[in-house]
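The values are calculated or read from the model by the stated rules, or taken from the named source; none is laboratory data. All values derive from a computational prediction rather than experimental measurement. Heads up, the Cβs are rebuilt from the backbone with ideal geometry, glycines too, and the neighbour counts pull from every protein chain shown.
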Amino acid sequence: MKLPDDRSQVGWWVLATALFVALLFVAYSFIGTLVLGLFLYYGTRPLYRRVTARVESDNLAAMGTLLLVALPALLLISYSVVVGIRELSAFTGTGIETYYARLVPGSGEVPAVLSQPRRLLNSDIGRFQDELATAAKSLGAVAAGILHLFIAISFAFFALRDSDRLADWFRDEVGDESPLVAYLSAVDSDLATVYFGNVLTVLLVGVAATVVYNAFAALAPSGVSFPIPTILALLTGLATFVPIVVGKLVYVPITAYLAVQAFRTNPRLAWFPAAFFLVSLVFLDLLPQMVVRPYVSGRTTHTGLVMFSYVLGGLLFGWYGIFLGPLVLVLVVQFAGMALGDLLSGKRVTANSSLSLGSEPPEER
């Protein structure tokens, strides 16, 4: 990078710095939405590239890809939430389902004040205002969530459609031999591996856990009950985001819970928790780790580092930390492998990677 040698160059650099700071501020303000959109982009990009081979229009290909992936996923999540609320309501004995039904327009469960408007004059106005304010806050939160989801999907749409064009422009501006191009290419490869591999693994494990848990709930002997199988199956799928840990956070406590019930009822029923543990270990743990994840991911970033990025990212940043943590990890690992050694030794940064914790630059592949 050349230093500015006249006032016009200084002015342009000041403007560039101001614009870059503004972009950073916008990205920081919507960091959760942006990393979710980035996750959707990498999760759907392999399918998009297959669709573009058969569809000439990039717009139709990107829209069709997101509809094929996002719409079924939203329907599945909505169905799972409805089933989960029913199961949780039945398990806890509380009116959770009724409470949520009152907040959903057209659900059939409406407040008495709204179903009988004449009672409004005789009702407690203060209580009615409180309920109305609570409902407004709930609807506002739902609307805000839908808006952020729409922004994330829109980001993924434009990223799918224009990413190749943007990459070509960037290469033309800085040169194909630039170490920055090699760095970003390696980051792109690692993110595609980490995100898409885990998306596919989580989906497969979630479906398998739903089948396994509901099957054992149906086959449970008398005296042994399997609580909320659908919710626990979804939690097992989400736990699979974290390598090594996978579904152990869910099926091991379930096994202990079933074992306690079995021994209290009849020690001969110990076969049931034992069979559940073995089936879960094989189909929800060993196969995803040893077969599914390596097959769909190929060469990945160091497994231990990925595990810590998911765990620490979620603890530090919240829900979007499971997407932001791997992004920060990949950026740091590729920087360490490509530039850190040269910077510390005073050498010029090149496109040659010296640390094999992630994908190699294009020149070394």
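Numbers for the structure displayed
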| read-out | value |
| --- | --- |
| Out of 232, 180, 166, 269, sole residue that is out of contact with any His (no Cβ under 9 Å at 6 or more places or on another chain), outside the structural domain of residue 308 (by TED's automatic domain parsing) and either modelled with pLDDT of 85 or more or not in a helix (DSSP H, G or I) (or both) | 166 |
| Checking residue 349 against (1) surrounded by 14 or more Cβ atoms within 10 Å (Cβ to Cβ); (2) part of a helix (DSSP H, G or I); (3) at pLDDT 75 or above; (4) not basic (Lys, Arg), the condition it does not meet | (2) |
| From 212, 246, 207, residue being modelled with pLDDT under 90, hydrophobic (A, V, I, L, M, F, W, C), surrounded by 15 or more Cβ atoms within 10 Å (Cβ to Cβ) and out of contact with any strand residue (DSSP E or B) (no Cβ under 9 Å at 6 or more places or on another chain) | 246 |
